[in-house]
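Worksheet: the structure to be examined is printed underneath.
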Amino acid sequence: MRSMQGAKRKRKSKVLKKMPVITREQFEALELNSRIALIQQLIPMGMMLAADELRREVARLAGSRYQRKEDPEAGISRYGTNPGSIKLAGQRVAIDVPRLRSSQGEVPLESYQMLHSGTALDETLFRRVLYGISCRNYEAASEAVPGAIGLSKSTVSEQFISASSQQLKAFQERDLSELDVVAMFLDGKTFAEDTMVIAMGITLDGQKVFLGFVQTDTENSRVLAEFLRSLLDRGLDISQGLLTIIDGGKGLLSAVKKVFKRRTVIQRCQWHKRENVVSYLAKSEQPWMRKRLQRAYERPTYEEAHKALLKIRKDLESRNQSAVESLDEGFEETLTLHRLGVFGLLGISFKTTNCLESINAQAEERCAKVDCWKNSSQKQRWLAAALCDIEPRLKRVKGYRHLGRLRDAIMKELKLNPVALQAAA
């Protein structure tokens, strides 16, 4: 008996050693045929573990298979097997299900019910669709697995819609009251002909948390104001002040000032401002002016950066008045970090909206399989699914150890009294 069990363990360990170890990034990079081959290797291992789990439950309920008498107290005995199916890697696989009977009739196996419903394993199918096996290719992938019950394109699509709808609802209703947010990025992402404005918060310990998104243009101040109010309604606390980083859209700027009022300081994206200014100049002059503006913004103190920008402004007056007007618009807001005295500590993270731009690129990778955006619900479901998948993998912002100093500087700038805030709390 022991020798048989030992032999089984050895066989299982050999199978485990042969199993490929693969990261999510590597899985995304594989071609469809390679992904199918990987699934073919994973399915047998999953079936082996599932069969072991069923056998363990049978032994627990009916006793050892080789004992002479069944457990007289339980009154449960084995009664052959039935054909059944379980969900593995997002698809149905046929399996023999042990049967048990008692004096009251059939005894269901709890482990089989869980494996059959596949509730915990639906996430695998959801992520496969999100990472690149599209609905139209999923049927071919499942048919290539021996013993698999093929899932049609429509079935996979329905399951993905259901899973992503649940994520969208949870995302939109996420409680923000427990978050200690010190900074927030606001930026737009294009979906077909629409724009999704995403809000990402930075907590005091440097964690990046998605607060929500709204489908609108960055110039629509009314809709953006309603969106920002919804964040406050969900518990976003800005009583200790907030640094808001935006790209410079006038509607977005107006909405932030209208809703957050005297509880925020605004940092305009220096990259967007620089590119806006040089866009008015001749192409031959753009590289030279771009470098001058970059050097000016990289000055360590407010006085030095302000002086360098004023010199550039004077030179532009004789070259292009439109460039001057672009530089003047939001001039001081591009130097907010300098004025707060934290540019050297946190400028790399907060001087531009690049932190959110890189996340937009990751979301685009996950949504690239969609050839045709059919409606608003589809866009919002895919974006919510992508953001929820990206968030746990995000690293803390660079310089996060200095965020406490940023908060002190914001409170000083806004003339907020820490003692009064603590008393009110």
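The values are calculated or read from the model by the stated rules, or taken from the named source; none is laboratory data. Fair warning: this is a prediction, and the values are worked out from it, not measured in the lab. Don't worry about glycine lacking a Cβ; one is built from the backbone with ideal geometry, like all the others, and counts go over all protein chains shown.
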Can you say whether Glu365 is among the acidic types (Asp, Glu), in the same structural domain as Lys273 (by TED's automatic domain parsing), farther than 25 Å from Glu193 by Cβ and touching a residue at least 12 places away in the same chain (Cβ under 8 Å), as far as the supplied structure shows? no
Taking only the stretch 193-203 into account, find how many residues are in contact with a Gly (Cβ under 7 Å, 6 or more places away or on another chain) and in contact (Cβ under 8 Å) with a residue 40 or more places away in the chain. 2
Residue in the stretch 372-380 that is in contact (Cβ under 8 Å) with a residue 60 or more places away in the chain and either crowded, with 18+ Cβ neighbours inside 10 Å or more than 23 Å from the chain's Cα centre (by Cα) (or both) present: yes
Check the stretch 404-417 and report whether any residue there is more than 25 Å from Phe210 (Cβ to Cβ) and exposed (fewer than 13 other Cβ atoms within 10 Å of the Cβ). yes
Residues within the stretch 313-342 that are acidic (Asp, Glu) and more than 34 Å from the chain's Cα centre (by Cα), tallied: 4
For the stretch 365-417, how many residues meet the condition of being assigned to a helix (DSSP H, G or I) and modelled with pLDDT of 85 or more? 19
